[in-house]
1. How big is the charge dipole of region 57-102 about its Cα centre, in debye rounded to the nearest 20, if each Lys and Arg gets +1 on its Cβ and each Asp and Glu gets -1 on its Cβ?
2. What do you get for the angle between helix 81-99 and the principal long axis of the chain? Use alpha-carbon atoms, 0 to 90 degrees, nearest ten.
3. Just report the Cα centroid separation between region 85-132 and region 25-62, whole Å.
4. Under 12 Å Cα-Cα from K97, which aspartates and glutamates qualify once same-chain neighbours fewer than 8 residues away are excluded?
5. Kindly write out, for region 22-37 in residue order, the coupling ³J(HN,Hα) from the Karplus curve 6.51 cos²θ - 1.76 cosθ + 1.60 (θ = phi - 60°), rounded to whole Hz, with x marking Gly and Pro.
6. Would you kindly calculate the translational diffusion coefficient of the chain, applying Stokes-Einstein with the Kirkwood radius from alpha carbon pairs, for 20 °C and a viscosity of 1.002 mPa s, and quote it in µm² s⁻¹ without decimals?
7. Probe radius 1.4 Å, ligands and nucleic acids ignored: give me the carbon and sulfur share of the accessible area of the chain as a rounded percent.
8. Report, in deg cm²/dmol and to the nearest 500, the calculated mean residue ellipticity at 222 nm for the chain, where each DSSP H run with n ≥ 4 adds -39500 (n - 2.57) and the sum is divided by the residue count.
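The values are calculated or read from the model by the stated rules, or taken from the named source; none is laboratory data. No experiment lies behind these values; they were computed from the predicted model shown. For neighbour counting, all protein chains shown are included, and Cβ atoms are generated from backbone atoms with ideal geometry for every residue, glycine included. Just so you know, the surface numbers come from the protein's heavy atoms only, side chains and all, with ligands and any DNA or RNA stripped out. Shrake-Rupley method; radii C 1.70, N 1.55, O 1.52, S 1.80 Å.
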Amino acid sequence: MNRFDWMDVGPTRAQFSGGIRGWDELGHETFAVEIAETPWYGEITQVYAENKHDFNLEVTSFGYESRENVGNLEGRALFDERAIEMVMAATVKLVEKIYTLENENRPSPLYEVEGSHFLGTIHFRDGWILKG
């Protein structure tokens, strides 16, 4: 299993898609979830705990048709409640599967440096996905 492989995560597939310079010219760590066999992209980032070493993950945005559009908050699609639940579940399962890899083989959002550990929580930021 490679850190950027598509992985079966329940009724769909998901992948970490790597770091990019997004539409807004900023760096973004991306992931994707297939919905009806179409990949949709989002951004995931580390959020540090009070101790400034350990971290959780946060999905900051989702719903881009292209990985290169990540960062363009106007460029996201609308999703129904069923699709939103599937994306959330697929994202959690993807992180769980990737976390089983040796540290040096994980994508950067899950890479632990000395004294730093993933605490196991995935937050979904308010407004991370558009409902419609």
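1. 100
2. Roughly 30 degrees, rounded to the nearest 10.
3. 7
4. D5, D8
5. x, 3, 8, 6, 9, x, 9, 8, 10, 9, 9, 10, 7, 10, 6, 6
6. 144
7. Whole-percent figure for carbon plus sulfur exposure: 47.
8. Taking each H run of at least 4 residues, the total per residue is -5000 deg cm²/dmol.
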